[in-house]
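> Below you will find the structure I want to go over with you.
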Ligand SMILES: Cc1ncc(COP(=O)(O)O)c(C=O)c1O
């Protein structure tokens, strides 16, 4: 028999042990578990080790040092969780081990991308003929969309960027929210733009662009706005900004790493009104869609702009109607990420996905209310799943001491952040695992840590 049943039975048991530990184990690993990782740092192996021994070591030494970031009591950053269906499809994807770059290396992979793209565009009310690339994360999704934008603008000015290069290219202006996620700056850096070249435009107290204070735009502008501020969760005024940009032919890109999904929510979908007017969107699947890492989508209204920027073959335009996955991403060979996206969407359906999002937002609202009853001030308008908080006495050093005690206690984890120039704390609820019982435990952990 070809299949190593013993090895995979062990992995099954190890996976069970890991997930069943979400309720009792510390959310962050102990110092001892982290120190034990040194065991991996052995001299370069010259002789072989049985596969079972390798995997046993991975589990026995590696698992205790894993941060339970996909569990229900990890509220730092915006990290999502992993739906069982997507976890299982990810295992199947690895079993198939197909290169998703070319359709002939995995016809199903290309089909899963095509179908997922169709469903997502429909769910989010985006133009049905948009292009979509399946990439590692929102950083790369931003890079892909912004590179496509630059390609298109250069073409509109009669310049072939891929042929003639950057040196003599038309000048492109980047206008970005002052509160844009820093990874957009990184994406622009990869493209050759410097931080000082970005025109940062002022934001209000929730981190939304103040439309009246935006600079004059022109057809050589790329405007980067947000669906879901990393701290407050706020949404930019898509309609007003897109109207301003459309009037002069500027390109609008929406960083919707998590908030880009908001339209699937029945209760909060209106926050996404006007998002469909933009030209491109970057959205993580490993955040609110709860598929395993790494997974994100880059979407461009102008599908040809993506192909012109990224297709590896000169004859990039789709001639026979078949999707060629590498036409829409910076990579050629890659994992078939579309499979997990398809599995999660098929399992949840738009309604189930919307309910999952609303549940996390309701949890955030509840927790904000509970915090405000025990001596905290909520610093943002809790519109979705993000809560920024400080102490009522504004003693940020004491806040840090309390939250560090919470973190080291291992019952819950909240991340520090900077908001309105202060060092405060942020909670993000983006895992489908979080339950009311998790919130109760987390709240008690904070109460116990207060001096
Ligand atoms: C608003 C926003 N944009 C971009 C990113 C970067 O996403 P990724 O880490 O998936 O590249 C994040 C990550 O938290 C984010 O919240």
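> Just give me the residues in the range 292-304 being part of a loop (DSSP other than H, G, I, E, B) and within 12 Å of the ligand (Cβ to nearest atom), in sequence order.
Narrowing the range 292-304 to residues part of a loop (DSSP other than H, G, I, E, B): 292-295, 301-302.
Listed by number, the residues that qualify are 293, 294, 295.
> Name the residues in the range 234-251 that are buried (at least 24 other Cβ atoms within 10 Å of the Cβ) and away from the ligand (no atom under 16 Å from the Cβ), would you?
Correct list: 241, 245, 251.
> Something else: Scanning for something at positive phi, in contact (Cβ under 8 Å) with a residue 60 or more places away in the chain and outside the structural domain of residue 35 (by TED's automatic domain parsing), does the range 64-75 turn up at least one residue?
no
> Another question about this same structure. Quick check on residue 431: is it outside the structural domain of residue 260 (by TED's automatic domain parsing), within 30 Å of residue 293 (Cα to Cα) and not in a strand (DSSP E or B)?
yes
> Just wondering, is there one or more residues in the range 167-188 that are more than 22 Å from residue 300 (Cβ to Cβ) and under 19 Å from the mean Cα position of the chain (by Cα)?
yes
> Considering only the range 116-200, give the helices (runs of 4 or more DSSP H) lying wholly within it that have at least 1 residues that are touching a residue at least 40 places away in the same chain (Cβ under 8 Å), within 16 Å of the ligand (Cβ to nearest atom) and surrounded by 14 or more Cβ atoms within 10 Å (Cβ to Cβ). Full working, then the answer.
On the way: elements: 138-156, 161-164, 182-191.
By residue number, 138-156, 182-191.
> When the range 201-229 is examined, which residues are found to be outside any loop (DSSP other than H, G, I, E, B) and in contact with a helix residue (DSSP H, G or I) (Cβ under 8 Å, 6 or more places away or on another chain)?
We begin by selecting, within the range 201-229, every residue outside any loop (DSSP other than H, G, I, E, B); these are 201, 203, 209, 211-213, 221-227.
201, 209, 211, 221, 222, 223, 224, 225, 226, 227, listed by residue number.
> Give the residue that is nearest to the chain's Cα centre (by Cα), with candidates limited to residues of the range 83-108 that are surrounded by 15 or more Cβ atoms within 10 Å (Cβ to Cβ) and in a loop (DSSP other than H, G, I, E, B).
So, considering only residues that are surrounded by 15 or more Cβ atoms within 10 Å (Cβ to Cβ) and in a loop (DSSP other than H, G, I, E, B), the one nearest to the chain's Cα centre (by Cα) is 83.
> Does residue 354 satisfy the criteria of being in contact (Cβ under 8 Å) with a residue 12 or more places away in the chain and part of a helix (DSSP H, G or I)?
yes
The values are calculated or read from the model by the stated rules, or taken from the named source; none is laboratory data. None of these values were measured; they are calculated from a predicted model. Counting neighbours? That spans all protein chains shown, and the Cβs are built from the backbone with ideal geometry, glycine included.
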